[in-house]
Structure formats: C-alpha cells, structure tokens
1. Label 7 Å along Cα→Cβ of B:D121; the stretch B:2-42 residues with amide nitrogen under 20 Å?
2. Using +1 on the beta carbon of Lys and Arg, -1 on that of Asp and Glu, and nothing else charged, what's the dipole of the protein assembly as shown about the Cα centre, debye to 20?
3. Full extension from A:S197 to A:I92: what is 0.36 nm times the residue separation minus their Cα-Cα distance, to one decimal in nm?
4. Whole Å is fine, so just give me how far the alpha carbon centre of the stretch B:135-198 lies from that of the stretch A:14-65.
5. Please report the buried accessible area for the interface of B with A, total over both chains, probe 1.4 Å, in Å² to the nearest 100.
6. Report the residue, chosen from A:E95, A:E129, A:E185, that carries the largest GNM mean-square fluctuation when chain A is represented by alpha-carbon nodes joined by springs under 10 Å.
7. Over chain A, what is the mean sequence separation of C-alpha contacts under 8 Å (at least six apart), divided by residue count, expressed as relative contact order in percent?
8. In debye, nearest 20: dipole of the stretch A:1-42 around its Cα centre with unit charges on the Cβ of K, R (+) and D, E (-)?
Protein chains: 2
Amino acid sequence: MKLPYSINLAIDELNKLPGIGIKTAQRLVFYLLQKKQVSLDTLGDAIKNLKKDLVYCKKCENISETDICSICSDDTRDHSIICVVSDPLDVIALEKPDVYKGVYHVLHGLISPIEGVSPADLTIDKLIERVKKNDIKEVIMATNPTMEGESTAIYIQKKLSDTKIKITRIAQGIPVGGDIEYADEITLKNAIKGRVSY
Amino acid sequence: MKLPYSINLAIDELNKLPGIGIKTAQRLVFYLLQKKQVSLDTLGDAIKNLKKDLVYCKKCENISETDICSICSDDTRDHSIICVVSDPLDVIALEKPDVYKGVYHVLHGLISPIEGVSPADLTIDKLIERVKKNDIKEVIMATNPTMEGESTAIYIQKKLSDTKIKITRIAQGIPVGGDIEYADEITLKNAIKGRVSY
C-alpha cells in the first residue's frame, strides 16, 4: 500500500528522533491522525517555536530566556561553588529539592576524540576565565563517570591546577536501592575506596 | 530550576503522545534544542500538515489522498473479497508482499461498551450496505483476536447472516517462530482446533 505523502513525511521525521524507530513513528502518526487539527497545530508550533526565545546564560551557559539565567540571578544560592555538568538535562536532575545550592557551568558536551569533540568546542575556556576572575571556593566536576566524562573532568582539573581553588569530583558508588551483587567491579572498587565513617 | 516556557510546552505536548513519558519527552526536547531551526520547522510542519490533504476512501474508508484509494482503484485486485480491519495500520500490515490480494474495509475502531464505542460509531452500516449492493463472494473478519475484536467480528457476522455470502475469520494459532511452551491455553486450543492436514 502506497502511503499518502504527508503520512510518509511525518513518519520519516519522527523516525529521526532518538529512540523512535519506524514502528513507533508509524504508531505515533496514526495516533495523530485521529486527533483534531488544533492538537496537531499545538504540537507542531511547540516544536517550531522551541528555540525562538531561548539564549545561553552569559554566566553559566545554561539554556535561558534571559541573558542571565534564573539560577545565576538567584542571590540565595552560593555563587562561590560551581558545579560543572555536560548538559542542561544534568542541571534539571541536580535541581531536585535539597540536592545542590551552588551555581552551575554547562559545557554543552564532553571531550571525545572519536566524535571529533575537542576542548575548544566546549565552554571550558569560559569556565577557566570565570573561575579565575571571580571569588570561587570550589569547582565540583559532575560529568558522567564514563570515559568521556572522566577525561573531560581531568582536563579541566589540570587547567585549574595552578590555582588554589578546591576541585572535587562527585562520589561514585552503589546507588540507593542498588544491588551490590550486580554492581560492576570498578563501581565496587570506587565504593570501597570512597567509604565514609559514621 | 524553572524551565523556559517553550521547553515546558514542548515537553507537555510530546508527553501527550502514547508511549512517551515525561523522561522521554525531556530527552526529545533537549535533543531538538541542539538541532538547527530548519529541522524543527520540517518536523513541526510535517505534524501540522499531516491531515491537510487526506480524506477517507469513499469505498473502503481507509485513509487516502483521493476519493477512491489506491487499493480500491487497483483493477488487478480481487474486488469480490473484503477484508474487515479496525485501523489503517492493519491495512499496512496486511499489505506486505504476497499476503492478501482482495480489498479492505476499515472500521476505524472496535465495538467497546467500556470505552463507549457503539456499532454506530464505526463504519459497520457502510460495510453491510457495500456487501449487499455489490457482488461480494467473501468477507474476511480480520479484527484482532481480543475481546473487542471478537465481539465486533461476531456482530458483523450476525448482521450479514441473512445473506449467502461466505464469512470467514482469520486463523488463530502459534505464530511463526513462536514457542508452544509459552503459548496461552486459548491460543493452543485454537491451534489444535484449527489444525490442517498436509
């Protein structure tokens, strides 16, 4: 059966999104076909206008509607601690209640020679400048504990080694609700190494 | 962290789609944020224009770009056999090579008292009229073997019982590559009952 052009186009476009295969794309399109035109317009416009009013925060490089984001302009937070993350999604994760009260710096990626991402492609220079120019007490490296995350963290740590600023790395270990039985050996090693006293 | 309005809107809208939870919606939106504006426009327009040039085929009620769909206007097909399905997606599934060469009738749903879908909400009356007015030899009931699918099939079969037309139901049994060990008892019963000789 030759599918109508508009259906094929929508399937192809949805199929380009991560985690949406051809079958899921088909299902979504045939679900949308049952919806009223106003629902399609709302969804379509939401996607088209997604980036319209967005800028990068001039301080922390996070996505924002204003030149300085809501976190950087919040005086109740501790501006002397910077938490370095790779993506805005990590900021959302860390912004759950009572997790962290400092400010952030978003790198927009991780150093990855395989994917051709060099330090110059990230906001590392801006971070170094920001740390050196302001009265910063601590920089927390909160990149993922993957190969790329670790090497990016070490790269930044070396760049800041000539300062007196405390540089820390988020703890690695068994997550709450996790199972020691199924943890890999590097995680276990780090959990033992990083043990804390009661 | 207060997310920008446009991001929240896009997350909410994607979250309305079936199978897309809040986490997946967030991931998709932050993926889209990295894309160029032209990609967002293409996807957004594909969704908005999805239904623009679509109509229902006047014969089989399938989705079509023309008054009579490509299947109903194909003279090489057998127009005396009608396969009754619930959705256009079922037509796509049956249109794989060498599966079926007759025509279809799309019900656009199944009778479901729980969801408030009565026979009048479907295209059943049109099917009965079509079957009685044309020279039809066989009607194949190809609704899913679920409670709703079975009752819809039986309802239509009863409506057509005053005609001499052959009414059949798609076979139930173990799918190719399936495992008898894990098949449920009703499927096994149907597989035994519907056994065929070599």
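1. B:17-19
2. Charge dipole of the protein assembly as shown: 140 debye, to the nearest 20.
3. 34.8 nm
4. If you average the Cα positions of each part, the centres end up 40 Å apart.
5. Protein heavy atoms only, the B-A interface buries about 4900 Å².
6. Looking only at A:E95, A:E129, A:E185, the largest GNM fluctuation is found for A:E185.
7. On the way: 209 pairs, mean separation 25.0, N = 198.
Relative contact order of chain A: 13 percent.
8. Dipole of the stretch A:1-42, to the nearest 20 debye: 160 debye.
The values are calculated or read from the model by the stated rules, or taken from the named source; none is laboratory data. What you see is a predicted model; the values in this text were computed from it and never measured. Ideal geometry is used to build each Cβ from the backbone, glycine not excepted, and the neighbour counts take in all protein chains shown. Just the protein is used for accessible areas: all its heavy atoms, side chains included, with ligands, DNA and RNA removed. Shrake-Rupley method; radii C 1.70, N 1.55, O 1.52, S 1.80 Å.
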